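Notes to accompany the following structure.
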Amino acid sequence: MRELSNIHRFLGILCGFVCSFVLLSPMPSFAAGESSVFRIGVAPHTSARVIIEMYQPLRLYLEKTLGRSVEISTASDFTEFAKRGMQNQYDIAITTGHQARLLESDAAYIPLLTYKADFKAVLLSAKESRYKTPEDISGTTVIGLSPASLVTIWGTHWLQRNSVKNTALRYVSASDSVAQLVINGEGSIGMTSLANYQNLQPTVREKLRIFAESLPLAGRVYMLNKRNADIKDKVDTALWSFAET
């Protein structure tokens, strides 16, 4: 992880709004005075099941260090996640740089930290497909996560920069779905993050190839709701301690 002294170095692209909240995992009982729930929202970069598994260690650690019940949640797509964040549904929002900037500028969230590892977007094609050049993509169906996801925004700009015309964009909810549709020939290329591509099952990954790759972008940024400003140092310390476990 690394500190974010100035979130303005990240992308200034702003998302739209809207939201359906998905509650993940039951909470244990807490003593009186410690019952307020601390809600962490994670942008839907993959399926809810994977997000549950990925963030359970963080949930359990923060419950212990903050002395409060902690819930992990996501939304059905990035647009819904942004709206819920703007409505102050989250105590911490974990999302990519463009939405982090939106939450900072329009809802006064406080930037905490991000990961040291580069975040990149990639376009994937089936390994044995006929799609080799940008020209081959014209007139085909392209698979994205949602219009407001960073990888889809980057991928859409890539199509424009490379003069790819007459494509039909199809949106799905998870990176593994993007991969499977591309493998099945239901799309010429699919948009996802490099990390999610690397986390695919080896049997799935071996059927794909990286068609194009972005420069490093602002990856998952931890944003603290302004209502928690008085415990910022405590939360920050807890996150750094968790990073060392």
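How would you order 68-80, 174-186 from highest to lowest mean count of nearby Cβ atoms within 10 Å?
Put in order of decreasing packing, that is 68-80, 174-186.
Report the normalised scattering of region 43-142 as log10 I(q)/I(0) at q = 0.12 Å⁻¹, calculated by the Debye formula with identical scatterers on the alpha carbons.
-0.57
So what does the Cα-only Debye profile of the chain read at q = 0.15, 0.17 Å⁻¹, as log10 I(q)/I(0), no solvent term?
With no solvent term, the Cα-only Debye profile gives -1.01, -1.24.
What number of lysine-lysine pairs in the chain show an alpha-carbon separation below 19 angstrom, given a sequence spacing of 8 or more or placement on distinct chains?
Value for the chain: 7.
Residue-wise, which Karplus ³J(HN,Hα) couplings in Hz belong to region 63-78, taking 6.51 cos²θ - 1.76 cosθ + 1.60, θ = phi - 60°, and x for glycine or proline?
Ordered by residue, 3J(HN,Hα) equals 4, 5, 7, 8, x, 9, 5, 10, 10, 9, 9, 9, 9, 6, 7, 5 Hz.
Got a number for carbon plus sulfur as a percent of region 156-214's accessible area, 1.4 Å probe? Before the final figure, lay out the partial values.
On the way: 1300 of 3050 Å².
Heavy-atom surface of region 156-214 belonging to carbon and sulfur, 1.4 Å probe: 43 percent.
With every protein chain present, what is the per residue accessible area of the chain (1.4 Å probe, Å²)?
In whole numbers, the chain has 45 Å² accessible per residue.
The values are calculated or read from the model by the stated rules, or taken from the named source; none is laboratory data. Everything numeric in this text was worked out from a predicted model, so none of it was measured. All Cβ positions, even for glycine, are placed from backbone atoms using ideal geometry, and neighbour counts span all protein chains on display. Areas reflect the complete protein model, heavy atoms only, side chains present, ligands, DNA and RNA absent. Shrake-Rupley method; radii C 1.70, N 1.55, O 1.52, S 1.80 Å.
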